[in-house]
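This report concerns only the one structure given below.
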Amino acid sequence: MATTAKENILKKIRQALAQPVPVPFPQSEGHDSVFKPSIQELEIEFAENFSKLQGRFSFCADEAELVVQLKALIAARKWDKLYCREDVLKQDLADAGFSDFNAVNVHSCQASVTSCECLIARTGSILLSSGQQSGRTVSVYAPVHICIAYTDQLVYDIKDGIQLVKDKYQDAIPSLISLATGPSRTADIEKTLVVGVHGPKEVFCFLLDR
């Protein structure tokens, strides 16, 4: 009986593919985004949406202000084992006086520091890829993820971020492109929200003007 039902379904699929029904309203098959363009600056749009998702946002006018804010955070949390795999970012932070990168790997750190490919303003997401020197794991396995980004990395929608990655890498598209949208969170059948199960419990984004 089950086999007959399956054969009937497959027969109907074959018939539909052989004789497709024309779309009654072809003008409705557009490719325009269903989301309205932002009516405010992308910095504000991202900050609002990122904060709604329990992200910790800080705007920095320049590198000097980043140093002040980041040192204040490290001191308040009493962190002494930070991890950064990106050579340029790590050197910039070392030149600024940070000597807290003592974690030998991401599993032993208290917080990880990365850059990003771009920031998605509409969803408050950080777009990351395996093409970055930080790789696939640094932003996921650390208990706290700190992202340092710049205003010229802001785009409005996800499709804009994907296009930016395509333009950057051309024929060498990274094997992993991911969106980090606030701290990791999940809920059981009783809708009890648990944060930090599949990723960092906290996500900080320091946005520098550039």
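Since every read-out is calculated from the coordinates, none of them should be taken as a lab result. Here the structure is a predicted model, which means the values were calculated and not measured. Positions of Cβ are backbone-derived with ideal geometry, glycine not excepted, and every protein chain shown enters the neighbour counts.
Values computed for the structure shown
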read-out: Packing-based ranking, highest mean first, of 46-54, 70-78 given that Cβ atoms within 10 Å are counted; value: 46-54, 70-78
read-out: Proximal aspartates and glutamates relative to K78, as straight alpha-carbon distance under 15 Å, when same-chain residues fewer than 8 apart are discounted; value: D100
read-out: Local electrostatic count at F57 - Lys and Arg +1, Asp and Glu -1, tallied over other residues with Cβ under 11 Å; value: 0
read-out: Subset of K52/K90; K71/K159; K81/K201 violating a 26 Å alpha-carbon distance limit; value: K52/K90; K71/K159
read-out: Lys, Arg +1 and Asp, Glu -1 on Cβ, resulting dipole of region 41-208 about Cα centre, debye, nearest 20; value: 720
